[in-house]
Amino acid sequence: MSRLESNHFFAMDYNVLLLVCIAPVVCCYSSGQIMDSCKDMQPHHSGLRPQTEPAPYTITTDHSSYKLGEEVKVQLLALGSAPFIGFLLQAREVGGQSPVGSFELTPGAAQLLICSQRPNSAVSHRSESVKTSIWVTWRSEASRDGKPIQFHASFVQNYRTFWVDVTSLVLTFSGGSTSLPRPTLTSSTTTSTIESQHASPGSISSADCGITKMCFSQPSDCDPAVSVDCYFMSAMMSSPTDKTIRYEMTGPSNGYISFGFSDDQMMGNDDIYICGKGSDGQVGLHHAFSTGRTAPQAVPLGNVSDVRASAQDRVISCSFTSMNTISTQRTKGFNKTYHLMFAHGPSSSGQIQFHAATFISTDKIDISRPQIVGKAGWSHVIKAHGALMLIAWMTTGSLGMMVARYLKGVTKGHNLWGKDVWFLGAHPVLGCLVMILSFLQPVVALMRCGQQHPLRFLFNWSHSLNAVVIKTLAVAAIFTGLKLIDSTLDRWLMKVMGGFVGWEALCYTLLEVHLNCSVSNTDTLKSKKITVILLMVLFCLGNCAFLVALLVGIGMS
């Protein structure tokens, strides 16, 4: 054997050996035998990190609560056209790190795993086939105390694209009875580790804010020991090692005050503490989890001690020490950053109602670091911006398009400065009030060729297409803007805007049909013009009605 052949032989032998060593690892992932991922839910794809944007997958259950030993149907579902090839599913207590309960399989591309030395405590894929839906059955353990649980899943779309620790809504423990839709505010909390006391007046203050504790308030930098109109919360970690935090909250309210931790500035998947009056008028502390724009679900208070609660005049106050980890949809623990939310509102018969007002931190906050936190709010400038944009798009913008499209025939033959009257009116002026694309409209219109020019059709199509694009983008911008400030439970502003879009579509359809109707004589032509004017007046009145409704909604947001 020559030296070249020998080297080639040993190279081939090394490659075969390398493939033999790597093959089990590759098969491990594709076969779903991923017990090393049980704790952190990571697929451990070398050098790659999970996606940070919202996952195109969801976890749904057929129950919102559970009883001991009860079965719960769980579905992993791909949203839209984004299937997954791998997954890992567990049930965990809210704030916990270990799997609870056991799974049973329905026919499908799934298998049971042993995690934390607990048989059947997790489910994974059995092959890398494309999947859009997986159904499994989870059963709680009859021997454990009932606690709220969440289903956690990781989804692999391909080797480089995966999402880690996607969570379901919280399932509360019903204990054989129907769970309440809202936390019930009682004068005493349900845990044996709490010693309830009345807080003395002025015991909560802004002293040492930014020095030994993190503070969040409205108005900014207010002192609750001085002003009764101060909404205030603080957090102070006793030491970096024992993870014990002393929380304070106070503010004027006729029902409750609350603060929470969130991954974003929108309500939903938030860890919340509520300080509120019970049906007997006494104040108690409660723990809850928000699942969206619905009433939060009550969860056990957990490892909380030294609770001090009071209600003096109209000011409600609570302070307490907690060793609970913070749990939201995507993050959990102590050394994480969260947006802070503060909300207050009324209560009825011991149950909290929709909040009267809320304020949210501008940035994500590490509560273990002493600081004074600024809030994000919809200032008068932002409201004015939204109001002016609505006025522009719903009156001048829409009217300009309607005038240019349907009223030019009414004034046809009436010239001024060598141009049709309709063109010298609202159209070019209104076009300058709208966004970037709108500037093209009057420029192109002024440079248009004559009616009989063979290329006139190019102007007609480009001018109309540009207007449609502008209108579509404007409507999308208004919807996304309203979504940010719509604080109503039923998304009232969004529904009003939807009604306006439907109203405009109806008016456009009627005018378009009327425009294309043929006429046979002068009287019919005159009648047609009158009808167009009446439809335009009706359109303007309807727009004004929707505009007023939206402006009132913005003012109340």
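I'd like to check something: does region 63-80 contain any residue that is touching a residue at least 40 places away in the same chain (Cβ under 8 Å), outside the structural domain of A288 (by TED's automatic domain parsing) and on the phi > 0 side of the Ramachandran plot?
First, pick out the residues of region 63-80 that are touching a residue at least 40 places away in the same chain (Cβ under 8 Å): 63-78.
Add one more test, that the residue is outside the structural domain of A288 (by TED's automatic domain parsing), and what stays is 63-78.
Keeping just the survivors that are on the phi > 0 side of the Ramachandran plot gives 69.
Scanning region 63-80, I find at least one residue that is touching a residue at least 40 places away in the same chain (Cβ under 8 Å), outside the structural domain of A288 (by TED's automatic domain parsing) and on the phi > 0 side of the Ramachandran plot, so the answer is yes.
Is it the case that some residue within region 87-106 is surrounded by 15 or more Cβ atoms within 10 Å (Cβ to Cβ), under 23 Å from the mean Cα position of the chain (by Cα), aliphatic (A, V, I, L, M) and modelled with pLDDT under 90?
yes
What are the pairs, 6+ residues apart or on separate chains, where a residue within region 221-233 that is more than 18 Å from M341 (Cα to Cα) has its Cβ under 8 Å from a residue that is basic (K, R) and surrounded by fewer than 17 Cβ atoms within 10 Å (Cβ to Cβ)?
From region 221-233, the pairs are V228/R314.
In region 288-305, which residues are out of contact with any Phe, Trp or Tyr (no Cβ under 6 Å at 6 or more places or on another chain) and assigned to a strand (DSSP E or B)?
If the condition is that a residue be out of contact with any Phe, Trp or Tyr (no Cβ under 6 Å at 6 or more places or on another chain) and assigned to a strand (DSSP E or B), then A288, F289, S290, A298, S305 are the ones that fit.
Has region 86-97 got any residue that is touching a Phe, Trp or Tyr at 6+ places or on another chain (Cβ under 6 Å), without any contact (Cβ under 8 Å) to a residue 60 or more places away in the chain, outside the structural domain of Q297 (by TED's automatic domain parsing) and outside any strand (DSSP E or B)?
Going through region 86-97, the residues touching a Phe, Trp or Tyr at 6+ places or on another chain (Cβ under 6 Å) turn out to be 87, 91.
Filter once more, so that each one left must be without any contact (Cβ under 8 Å) to a residue 60 or more places away in the chain: none.
Within region 86-97, not a single residue is touching a Phe, Trp or Tyr at 6+ places or on another chain (Cβ under 6 Å), without any contact (Cβ under 8 Å) to a residue 60 or more places away in the chain, outside the structural domain of Q297 (by TED's automatic domain parsing) and outside any strand (DSSP E or B).
Within the bounds of region 267-274, is there any residue that is part of a strand (DSSP E or B), over 30 Å from K39 (Cβ atoms) and out of contact with any helix residue (DSSP H, G or I) (no Cβ under 8 Å at 6 or more places or on another chain)? It would help to see each step written out before you state the result.
So the first thing to find is which residues in region 267-274 are part of a strand (DSSP E or B), and the list is 270-274.
From what is left, the residues that are over 30 Å from K39 (Cβ atoms) are 274.
Restricting the remaining residues to those that are out of contact with any helix residue (DSSP H, G or I) (no Cβ under 8 Å at 6 or more places or on another chain) gives 274.
The answer is yes, given that some residue of region 267-274 is part of a strand (DSSP E or B), over 30 Å from K39 (Cβ atoms) and out of contact with any helix residue (DSSP H, G or I) (no Cβ under 8 Å at 6 or more places or on another chain).
Within region 228-235, is there a residue that is touching a Gly at 6+ places or on another chain (Cβ under 6 Å), at pLDDT 90 or above and surrounded by 15 or more Cβ atoms within 10 Å (Cβ to Cβ)?
Residues of region 228-235 touching a Gly at 6+ places or on another chain (Cβ under 6 Å): 231.
Among the residues that remain, those that are also at pLDDT 90 or above are: 231.
Retained after the next criterion (residues that are surrounded by 15 or more Cβ atoms within 10 Å (Cβ to Cβ)): 231.
Looking through region 228-235, at least one residue is touching a Gly at 6+ places or on another chain (Cβ under 6 Å), at pLDDT 90 or above and surrounded by 15 or more Cβ atoms within 10 Å (Cβ to Cβ).
The values are calculated or read from the model by the stated rules, or taken from the named source; none is laboratory data. The structure presented is a predicted model; accordingly, all values stated were derived computationally and were not measured. Every residue, glycine as well, gets a Cβ built from its backbone with ideal geometry; the counts of neighbours run over all protein chains shown.
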